[in-house]
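Taking it in order: structure first as structure tokens, then the write-up.
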Amino acid sequence: MKSTDYINIGNEYGAHNYKPLDVVLTRGEGVWVYDVEGNRYLDCLSAYSAINQGHVHPRILETLVDQAKRLTLTSRAFRNDQLPLLYKELCELTGYEMAIAMNSGAEAVETALKIARKWAYQVKGIEKYKAEIIVADGNFHGRTISIISFSTEPLYRDDFGPFTDGFKIAEYGNIESMRSLVNQNTAAILIEPIQGEAGVIVPPDGYLKEVEGLCKKNNILLIADEIQTGLGRTGKLFACDHDQVKPDAIIIGKALSGGFYPVSAVVSSKSVLGLFTPGEHGSTFGGNPLGAAVARTAVKVLIEEGLIENAENMGTYFSDQLAEIPTKKIKEIRSRGLLIGVELHESAGPARKYCEMLQSQGILAKETHETTIRFAPPLIIDKETIDWALDRIRDVLK
């Protein structure tokens, strides 16, 4: 079958909830992917940072196969020999005391929202069902009903109400806007240290530190959504590390399993996550031995193979070279590590057009919010490959 055959079948039988580039991939290795016709492409999206370790990393693959031969699922009705070790290793890596495993990023966000509300009632003493959580405009935390209830993107909300109450929306990057929403019912602030889906929006210097101070002063939980920015993407273990900020809870996912299996988690203190009691929260697949084993190796790969440091070095080089492209089409380049957003002037036309042109040159990138091209290759990328990509990106943007 040809690409057009797969595309036609997908369009006929699949819900049209995505608008992918018309490339049909069948194989991946490292930073490269191949379509059904055998054409090779540089993956500059990494499944929105889920494949930080590169496609089909051999160490993670070996773990997946070995664990799949032994035990894949127990549910949490029984214990398994992988989940406790994942919890221990995550806590030792991150400096937190306790973790809870789920599957998708949205599930982990919902988990954090639930425990923040319970903390509000049982620890802070907020009147029951009056707890409020502050978020930022332009946020993207998932697409469940509760999460889209505090989205400011009309596309995610318009036909899906009624919405969940209990959320206040501040202007991202504006500490005064956030401060104005704090009251006696504020339980938590949920924030992305860098807004990836919004177009790689990096907040002003000092902003996250001010948010942290606001939370400490008012006995508010600071919850960082590091699903896309965490686990090395920005050149630090977490994007919050750039500002020396340690949230009360961090939400992780995507790269936690290196693209092999859906695994997400929340890490926090025992005073927060220890509030969960049996039966209050869970998931049939959350914490399964296959996912836990894969996650353990995926994290080891990031640390032991120096991928976080490589993200910092290669990200600086990539963004610096992009900034030197002689073109009037680029309005701004925003980056941290290997999370790079190239915003185009509106007069240059939609970013989608340039992503399609890049595809024809063997590079797969994705537009976000009409005018921004996001470049986020796997963290294993080297300078030679970046130079190869830059030659083609220059041709397209010039």
Give the residue, chosen from Ile223, Ile250, that is under 30 Å from Asp66 (Cβ atoms), in contact with a strand residue (DSSP E or B) (Cβ under 8 Å, 6 or more places away or on another chain) and among the β-branched types (Val, Ile, Thr).
Ile250
Residues of the range 133-163 being farther than 22 Å from Tyr48 by Cα and buried (at least 22 other Cβ atoms within 10 Å of the Cβ), in sequence order, are Ile133, Ile134
Is at least one residue of the range 283-290 part of a helix (DSSP H, G or I), in contact (Cβ under 8 Å) with a residue 24 or more places away in the chain and either of a type in the set (Val, Ile, Thr) or touching a Pro at 6+ places or on another chain (Cβ under 9 Å) (or both)?
no
Is the range 151-158 home to any residue that is touching a residue at least 60 places away in the same chain (Cβ under 8 Å) and not in a helix (DSSP H, G or I)?
no
Pairs returned, first residue in the range 165-185 that is at pLDDT 95 or above, second residue that is of a type in the set (S, T, N, Q) and surrounded by fewer than 17 Cβ atoms within 10 Å (Cβ to Cβ), beta-carbon separation under 6 angstrom, 6 or more apart or interchain, are Ala170/Ser177; Glu171/Ser177; Val182/Asn218
Being at negative phi and within 21 Å of the chain's Cα centre (by Cα) is the filter here; which residues of the range 263-287 pass it?
Val263, Ser264, Ala265, Val266, Val267, Ser268, Ser283, Phe285, Gly286
Enumeration of residues in the range 29-57 that are farther than 23 Å from Gly337 by Cα and either within 23 Å of the chain's Cα centre (by Cα) or aromatic (Phe, Trp, Tyr) (or both)
Tyr34
Taking the condition β-branched (Val, Ile, Thr), farther than 23 Å from Leu208 by Cβ and over 20 Å from the mean Cα position of the chain (by Cα), does Thr164 pass?
yes
Of all residues being at pLDDT 95 or above and of a type in the set (S, T, N, Q) in the range 312-346, which is farthest from the chain's Cα centre (by Cα)? Just the residue, please.
Gln321
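The values are calculated or read from the model by the stated rules, or taken from the named source; none is laboratory data. All values derive from a computational prediction rather than experimental measurement. Positions of Cβ are generated from backbone atoms using ideal geometry, with glycine treated the same way; all protein chains shown enter the neighbour counts.
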